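Throughout, read-outs are computed from the coordinates displayed, never taken from laboratory work. Quick caveat: nothing in here was measured; it's all calculated off a predicted structure. A quick note on method: Cβ atoms are made from the backbone with ideal geometry, for glycine too, and the neighbour counts reach across all protein chains shown.
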Amino acid sequence: MRQFIYSFIFTVLTCTSLYAQKDIKVEGKVVEEGSNIPLEYATVTFKSKPDNKIIDGGITDANGYFSVEIPSGTYDISVEYISYKAKNYLDKTINDSIDLGTVSLALDVESLNEVEIVAERTSVEIKLDKKVYNIGKDLTTAGGTVSDALNNVPSVSVDIEGAISLRGNENVRILINGKPSALAGFGDTNVLSQLPAEAIERVEVITSPSARYDAEGTAGILNIILRQKETLGFNGSFNFTIGNPDNVGLNASINYRTEKYNLFSNLSWRYYDAPRNSFNDITYFDRVVDGETIEPEYRRIREDQEVERLNRNYNANVGMEYFLSEKSSITGSIFYRLGSDADLSLNNSERFNNGVIVEETLRREKETEEDNSYQIAINYVKQFGEDRDHKLTADFQYENDAEDGFTFLNEDYLTTDQTDPEPFQIEQEITTEDQKEYLIQADYVLPIGEDSRFEAGFRSNLENEVTNYRLEQENLETGELVVNDTITNVFDYDENVHALYSQYGTKFGKFSFLLGLRLEHTQLKGDIDSRLSDEELVEAFGFPIQTNFDNNYLGLFPTVNLIYNLSGSESDSEESITLGYNRRINRPRGWFINPFPTRSSRTNVFQGNPSLEPAFSNAFDIGYLKRWDKLTLTSSVYYQVETNSFERVQENTGQQTTDGIDIIRTIPINLSTNKRTGAELGFLYNPNKWLRLNSSFNFFQFETDGDFNGVDYSAKNTSWFARFSSKVTLPAKIDWQTNAFYRGARQDAQSDTDGIFSIDLAFSKELFNNNLTVSLNVRDLLNSRKRQSTTTTDFFERYSEFQWRQRQVNLSLIYRFNQQLNKRDRNGRGNGNNNGDDDFDFEG
């Protein structure tokens with residue numbers, strides 16, 4: 001708390017000092033006595049002797065340095081850091097710029113018991129191109145996953161299938177420590193549901209990305225910053241979780257740091273059962289083909305599905321940061337993940353004519369998947385001269401992911417009105433995926449004066465994915481399994497993106513701006529090895545299939561970000577306005593452009609579209625921040641126009657299964673223009689030490705205008721979501737947290753989806769001198785997190801219910817050792833986890 005007060009005092013003094021005449025610089029470096037480890041966030045204050053008033057102050061940076069400009073005079077100088085003994089320079093006359101040199105602070109052993117183990121304050125920082133949310137202690141995610149933690153971040157929502165959206169838009173780019181990473185599953189956000197939430201330090205919500213970031217993601221970017229303990233010596237933590245439905249997890253974070261190097265590791269194992277269920281009720285209409293009315297084989301089909309999902313996964317991340325010199329460091333790390341899934345699905349299907357059941361079947365589907373992936377990363381940082389912001393960083397990453405999937409399907413009649421029904425074929429699907437990705441990146445930062453900076457860099461992402469799919473079906477006469485030549489294929493896909501960027505930022509008075517330009521070249525290349533010729537494929541499916549393509553795109557992406565500080569020199573609060581503009585791209589992923597049809601069931605086919613062109617968006621964002629002593633208010637309004645936006649449409653293929661059910665094809669298309677307008681409002685309120693409140697509200701409207709194959713898919717949708725969180729400290733120092741979330745109803749071109757409401761509860765208690773935390777939480781207390789929707793087309797109407805995960809109860813134990821000083825993780829020389837992103841310190 002004391003450190004926060006010092007930081008707040010300094011912020012106010014800084015605003016005041018913008019207009020004061022200051023031409024004398026006082027600088028120095030603050031380190032830990034004995035170890036010489038730099039102390040970040042140490043406070044330096046200058047108190048005038050004549051009037052006994054604080055004139056100015058400063059806070060040390062990640063390397064322990066400070067630099068403050070003050071008028072000439074006589075001062076009492078105080079250098080302080082939480083849990084260390086303060087050092088004072090009394091009655092010091094300053095008439096010329098001076099360097100206090102290295103200031104060593106000794107540990108205050110008596111105060112250690114008063115230090116909080118982990119900062120609990122969830123705060124928000126507003127920067128030129130992002131909002132930074134420091135997660136703090138979120139009790140509801142103890143024993144949970146990264147996806148659970150993201151669902152509690154303002155502006156972000158995670159739907160019941162694990163899809164992440166930003167301001168209601170699912171086209172969001174996920175980065176780990178500033179880069180694409182295997183930890184984010186090569187773009188598959190489901191992997192985030194396998195990583196422990198305790199790994200997150202903060203989340204950067206970047207709705208107006210600067211030029212340093214990839215242009216991918218029309219909604220913006222979520223940059224997940226992982227924890228990296230850097231306390232001197234040997235330290236770490238262990239986390240054990242047990243829950244119902246079955247959920248057992250172990251996580252260990254162990255680190256060892258010296259003056260010359262820092263060893264870090266994070267190891268985890270998890271076993272869980274995540275049962276899901278779904279219900280579909282489909283009514284089919286008559287179809288008119290060439291003037292002839294065709295009645296469906298069944299008027300109505302009801303499907304009730306229950307899936308048992310057993311998952312086991314192992315994650316290991318180990319690395320070392322080595323300090324080559326005072327101004328350079330190199331960091332190497334290896335990440336490895338092994339996943340093993342086993343799903344059993346039972347799908348009961350009832351078929352009606354004239355309101356009477358004429359047939360009932362039970363479909364069994366057993367699916368196993370082995371996922372083996374690893375990532376090797378090397379980071380190099382070099383500082384030039386005396387200016388610590390003048391630096392070059394270089395990164396190299398190699399990632400490999402191998403997945404082997406096997407599915408066994410069989411279906412049996414329970415009842416039927418057929419006299420001699422044809423039996424269903426037993427089917428086996430074998431899928432292997434091999435994905436490789438290379439990342440090469442360099443960034444150069446050149447400070448210009450004290451308040452300006454130029455930055456330039458390049459990045460190359462080279463990705464190759466080979467998918468081998470084989471379908472084997474039973475020969476009903478012999479009972480043998482025979483390869484289906486029509487469906488079996490190999491898809492070889494490349495996505496290569498090369499980018500150059502530069503940007504310039506400066507600050508003068510109350511105004512700051514950051515201007516940037518990024519150039520990206522994209523190549524999307526695919527080749528299909530099929531057992532059939534192109535003519536045979538058209539005959540088999542009834543529509544053409546493009547077996548090879550090579551699409552290239554070149555785009556320029558300008559960015560503009562502005563901040564104007566409204567706070568006056570005498571203000572006791574902080575107030576600012578931000579304005580952002582950016583151009584973004586939404587590239588079709590491999591699944592969306594793979595033209596070979598894949599079956600999600602016997603009656604549903606998904607086909608990618610290699611003719612898909614990238615969607616481009618232009619977005620404008622205006623934000624407002626007001627910060628008082630106990631209350632922080634954030635708000636923004638935004639407008640986005642996306643051209644060539646994607647939409648998945650469903651149409652009848654004209655073909656039927658052997659038992660007469662129409663086969664429906666789903667295909668993504670460029671559906672003209674998508675306009676999004678929205679607003680968001682959030683507040684953080686800490687009225688008392690025992691009470692913390694956090695709430696946010698997002699409203700958005702999007703309008704789609706387009707048609708396909710003579711069908712008008714234009715739609716206008718208004719929706720919203722809101723969340724509220726309260727944290728109360730009860731007697732006996734028990735923390736109680738409640739999170740509530742509601743997502744409003746929404747519509748798209750063919751579907752209407754109902755609203756969803758859910759509540760999470762958690763209780764936590766610190767034991768054994770705050771070294772052990774015991775947490776009990778319940779996610780989705782009311783078991784209400786279900787999607788209910790109605791889809792209407794010219795040939796069918798479908799009502800569906802879907803629940804991805806049932807109510808979950810977790811008990812979590814977290815034990816820490818040698819982390820008494822870890823209220824803030826202190827950075828040493830160099831920065832192996834520099835996230836590829838050096839922030840402009842133009843905060844609102």
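Where the alpha-carbon atoms of segment 364-446 are placed on the principal axes, they occupy 89, 19, 13 Å, in descending order. Using the Cβ-Cβ distance between Lys675 and Ala252 with R0 set to 60 Å, the FRET efficiency from 1/(1 + (r/R0)^6) comes to roughly 0.80. Cross-link partners of Lys716 among lysines, defined as those whose alpha carbon lies under 26 angstrom from its own and excluding same-chain residues fewer than eight positions apart: Lys675, Lys786. The calculated FRET efficiency for Glu703 paired with Asn372, based on their beta-carbon distance and R0 = 56 Å, is about 0.80. Spin-label pair Ile440-Asn548: with each label point 7 Å from Cα along the Cα-Cβ axis, the two points sit 2.6 nm from one another. Cross-link reach is defined here as a Cα-Cα straight distance under 12 Å, omitting same-chain residues fewer than 8 places apart; for Lys507 the aspartates and glutamates meeting it are Glu450, Asp451, Asp841, Glu843. Once the C-beta distance of Thr293 and Leu476 is scaled by a Förster radius of 25 Å, the resulting FRET efficiency is 0.15 to the nearest 0.05. Each 10 Å bin, from zero up to the one with the longest distance, holds this percent of the alpha carbon pairs of segment 250-353: 12, 21, 16, 14, 13, 11, 9, 5, 0. Each peptide in 499-505, 383-389 receives the mean, over its residues, of other Cβ atoms within 10 Å, and ordering these scores from highest gives 499-505, 383-389. Checking the cross-link filter: which lysines have an alpha carbon closer than 20 Å to that of Lys29, excluding same-chain neighbours under 8 positions apart? Cross-link targets: Lys47, Lys85, Lys87, Lys92, Lys260, Lys327, Lys382, Lys391. Each Lys or Arg adds one and each Asp or Glu subtracts one; over the other residues with Cβ under 12 Å from the Cβ of Ala619, this totals +3. Taking a sphere under 10 Å around the Cβ of Gln640 and counting the other residues whose Cβ falls inside, with K and R at +1 and D and E at -1, yields a net charge of +2. Here the peptides 368-374, 63-69, 765-771, 213-219 are ranked by packing, the mean other Cβ count within 10 Å, and the order with the highest first is 213-219, 63-69, 368-374, 765-771.
A DSSP coil position with no more than 14 other Cβ atoms inside 10 Å describes the following trypsin sites (Lys or Arg not before Pro) in segment 250-353: Lys260.
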